[in-house]
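What follows is one structure encoded as structure tokens, with my remarks underneath.
The values are calculated or read from the model by the stated rules, or taken from the named source; none is laboratory data. Keep in mind the model is a prediction, meaning the values are calculated, not measured. Note: ideal-geometry Cβ built from the backbone for every residue, glycine included; neighbour counts use all protein chains shown.
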Amino acid sequence: MRPDAPQPIRLADYTPPAWRAETVRLVFDLAPRGAKVHAKIRFIRGEGPEGPLRLDGQKLMLMAAKLDGRDVFHDVALDADGLTLAGPLPDAFDLETTVEIDPEANTELEGLYLSNGIYCTQCEAEGFRKITYFPDRPDVMATYSVRIEAPASTPVLLSNGEPGEAGALPDGRLFAEWHDPWPKPSYLFALVAGNLVAHRDRFTTASGRAVDLGIWVRPGDESRCEYAMDALKRSMRWDEEAYGREYDLSVFNIVAVDDFNMGAMENKGLNIFNSKYVLASPETAGDRDYELIEGIIAHEYFHNWTGNRITCRDWFQLCLKEGLTVFRDQQFSADMRSEPVKRIDDVKMLRARQFREDAGPLAHPVRPEQFIEINNFYTATVYEKGAELIRMLHLMVGPKAYRQALDLYFERHDGQACTIEQWLDVFQTVTNRDLTQFKLWYSQAGTPRVTVSEGWKPGKYTLTLRQDVPSTPGAPSKKPMAIPVAFGLLGQGGRELVEPGVLELTEPEQTWTFDLDERPVPSLLRGFSAPVILDRRSTAAERAFLLAHDSDPFNRWEAARAMALEALMGAEPVAPFAEALRLAIADADLDPAFRALLLTLPGDDELARETWARGRQADPDAIHAASETAKAALAEALEPELRALYTAMESPGPYSPDAAAAGRRALRNACLGLLSRRPVGPSLAEAQAKAPSMSERLPALAALLHAGAPAAEPALAAFAEEWKADPLVMDKWYLLQATTPREGTLARVKTLSEDPSFAWKTPNRFRSLVAAFSTNHFCFHAADGSGYRFLADWLLKLDPLNPQTAARVAGAFETWRRYDDARQSLIRAELERIARAPALSRDLTEIVTRMLG
Ligand code: 0A1
Ligand code: ZN
């Protein structure tokens, strides 16, 4: 470690604040450079140990400071992270500060910055301290009133809460006042100023209050907000119906900005979104974009109660708001679309991102116990595994008690900054269950492995489950967890031989006995009832049986996935899998979206994970070759069925983003993906590439590129010509090229990245080329290390400007120990090269150090 290495912050060291802020008055005088922020804050003594007033502040130029009107400018001690005002201090006082900041110079996109001429803020987690001096921690909750003054070129002035007076100043500048009556932590503060137009609508809450809704975008984009607005209204209604939660202000605004490190942000009454998750039209957005818009709009809206009204005591409790809110948005999307399809999609994501994280050097508990840079903990573990924990609670206590527990949570904790202990306690109160063992899910990292063994003698079937929780960095030994395993026992023809239920595995090993007349095939972990790896040695015949007969759609898909893995890894012949798929995809009773999932085969990254999990080093070239061979064989075997389905799934009418139509397109595109390996593929793709909707065009282009078809290049060129002025669509163009698994991709990506038109400082663009390339398993893992070098070079270039995004993208290296020794040493060399770079950010230093750990 370097001598100046930053020290970790620990959960165990939490102390309540010595000073609380009660009310905050902010006056902004906006300018690209030297913007003035005047803050008047009412402080009162908190419960924390007595001490001087310590305020966080970074990159601020202090111009004035007054305490109860008295000049204290020369009494404050400034350092790089804030200011200290030593006593004696009265029990309550007003502190006024004036600072200057430079939004234009803010490339980190944290605090107040300019995105394409729009002033906007991002304060979670610790960005507010880049706007003014403040106790920037979530357990300090205050009411805010805000005045924004800005030039007439940025006429729309927005902040949290309710709008107040607005108008023109004598010098022609404009002003607007906002007041937020709900106490909130500073991370939920937001301000926007820009030349924006609104797509407006209105919502009437269950109790009859009217809410003005506005989605604010750059002029020209207003026609692309319809879907997001519809998703917002459906989210508002759903939260009333499913959780009894009403919106609590008379306005709700959403702003779309192009430069954003994450997906979106739930600022009170003023959500700020990455434009990618707001703007959609059939020509510019694909079905997956629509789905993400719906889910993220819902997610941010649901935070109004789970995050805003009840917030986190400290950042270790991040999963309190994120796990719960992800679970809520998953429930919403399942209600809006197909529940099994949504569940399968979520589990695919969980395995691809969270299981990967949990099995590598960045593994951490859902509630981490220490961090160096909190921005590095907005992870799949906190979000997605966090949501799985809520899902398990929901399953274990049942929907009725779950709802009672949530009602109690809102009743007890509204207006508070809470902990996981308080969250679990409402469940204990309502159900009288002791959740001590369940709580280990929050503190023990690593994906438990559940190994199944069975016994049978006529009349008696025994099922034994054993659990092993792997060691993770800094946590060598683990206790047994409480694991709910939903199950069924299937007899001939798929009959349920016992009432399906849930086995609660709480011991290292447990056995259950069933009196049965026939030997069952067990269907275990139905609906993926716990985030574990289920290890059961099954035969190909059993998998085919489950795929055909299980009443649980998740496990039908799971059976197909297991067959696909064996076939793609060359462990089993392709033919039986092809036969099982042939039956399933022709089954018109099955939802097309579900059939599309059956046909979407595991990618190389998943195969590498599986290889490693089976105790072998992964060789990306061999994995790719074997899987391409199997996919080609599958395409050959199923060609007639795939062609028939491809035709049958053609859309009868104009584009509609609804789930049923999207499911048909997904199935059609899955057929095309396999058919692109057949001689007929390119001509089908070429025709489809001319379709009007992006949902059809993009997969067609991908198929052409993947097949290396002659039509690919002209189609790409035409696409760029048509969309060159539209950054969101051009992101797709970059991504397509970066993710094509062919020789020559890196050369192409390098050329694109060196072109002056490559706007790499915009996170979306960086992700669409550089990060996307790092997900191209075959090319990124080129044996000569060229892919690794390319990524490392770009991380070093991005880090000084935007450390948060650089650190996230660096996660591409987290799987390095899976691979052969030669690749491991190539990656290690790149990680060490990054670690040695002068002035590396805290964000990237932490990630690289942990990866090397
Ligand atoms: N709370 C947001 C995610 C978010 C987190 C951090 C950010 O900047 C550091 C931005 C957004 C959510 O869960 O959607
Ligand atoms: Zn969230």
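Couple of notes before you dig in:
- For the stretch 135-173, a residue qualifies if it is farther than 16 Å from Asp314 by Cβ and of a type in the set (A, V, I, L, M, F, W, C), and the qualifying residues are Ala142, Val146, Ile148, Ala150, Ala152, Val156, Leu157, Leu158, Ala166, Ala168, Leu169.
- Yes/no for Gly87 being surrounded by 13 or more Cβ atoms within 10 Å (Cβ to Cβ) and away from ligand 1 (no atom under 16 Å from the Cβ): no
- For the stretch 612-636, the set of residues classified as buried (at least 18 other Cβ atoms within 10 Å of the Cβ) and in contact with a Lys or Arg (Cβ under 8 Å, 6 or more places away or on another chain) consists of Ala618, Pro620, Lys631, Ala635, listed by residue number.
- Residue count for the stretch 298-320, restricted to those that are within 21 Å of Leu109 (Cα to Cα) and within 10 Å of ligand 1 (Cβ to nearest atom): 2.
- From Tyr409, Tyr402, residue being more than 16 Å from ligand 1 (Cβ to nearest atom), assigned to a helix (DSSP H, G or I) and crowded, with 21+ Cβ neighbours inside 10 Å: Tyr409
- Among the residues here, Leu292 qualifies as at pLDDT 95 or above, away from ligand 2 (no atom under 12 Å from the Cβ) and either within 14 Å of the chain's Cα centre (by Cα) or of a type outside the set (Gly, Ala, Ser) (or both).
- Residue among Ala630, Ala625 that alone is in a helix (DSSP H, G or I) and without any contact (Cβ under 8 Å) to a residue 12 or more places away in the chain: Ala625
- One residue from Gly323, Gly295, Gly386 being over 25 Å from Gln422 (Cα atoms), assigned to a helix (DSSP H, G or I), within 12 Å of ligand 1 (Cβ to nearest atom) and in contact (Cβ under 8 Å) with a residue 12 or more places away in the chain: Gly295
- Residue in the stretch 502-513 that is in contact with a helix residue (DSSP H, G or I) (Cβ under 7 Å, 6 or more places away or on another chain) and surrounded by 14 or more Cβ atoms within 10 Å (Cβ to Cβ) present: yes
- All told, Ile344 falls short of being more than 13 Å from ligand 1 (Cβ to nearest atom), touching a residue at least 12 places away in the same chain (Cβ under 8 Å), surrounded by fewer than 21 Cβ atoms within 10 Å (Cβ to Cβ) and β-branched (Val, Ile, Thr).
- Test for Gly127: is it touching a Gly at 6+ places or on another chain (Cβ under 9 Å), touching a residue at least 24 places away in the same chain (Cβ under 8 Å), within 16 Å of ligand 1 (Cβ to nearest atom) and over 24 Å from His413 (Cα atoms): yes
- Candidates Ala242, Ala231, Ala285, Ala280, filtered to the one that is buried (at least 21 other Cβ atoms within 10 Å of the Cβ) and either within 12 Å of ligand 1 (Cβ to nearest atom) or in a helix (DSSP H, G or I) (or both): Ala231
- Looking across Phe273, Phe260, Phe302, one residue alone is within 23 Å of Gln404 (Cα to Cα), within 16 Å of ligand 2 (Cβ to nearest atom) and either buried (at least 21 other Cβ atoms within 10 Å of the Cβ) or within 19 Å of the chain's Cα centre (by Cα) (or both). It is Phe302.
- Test: residue in the stretch 446-461 that is touching a helix residue (DSSP H, G or I) at 6+ places or on another chain (Cβ under 6 Å) and touching a residue at least 40 places away in the same chain (Cβ under 8 Å): yes
- Reported count of residues in the stretch 552-572, each being in a loop (DSSP other than H, G, I, E, B) and in contact with a helix residue (DSSP H, G or I) (Cβ under 7 Å, 6 or more places away or on another chain), is 4.
- Extreme residue, farthest from Cys123 (Cα to Cα), among residues of the stretch 362-376 that are surrounded by 20 or more Cβ atoms within 10 Å (Cβ to Cβ) and in contact with a strand residue (DSSP E or B) (Cβ under 9 Å, 6 or more places away or on another chain): Ala363
- In the stretch 658-670, the condition of being part of a loop (DSSP other than H, G, I, E, B) and over 30 Å from Ile533 (Cα atoms) is met by at least one residue.
- Val430 more than 16 Å from ligand 1 (Cβ to nearest atom), in a helix (DSSP H, G or I) and touching an Asp or Glu at 6+ places or on another chain (Cβ under 7 Å): no
- When we screen Asp358, Asp335, Asp329 for residues that are modelled with pLDDT of 95 or more, under 16 Å from the mean Cα position of the chain (by Cα) and more than 15 Å from ligand 1 (Cβ to nearest atom), the only hit is Asp358.
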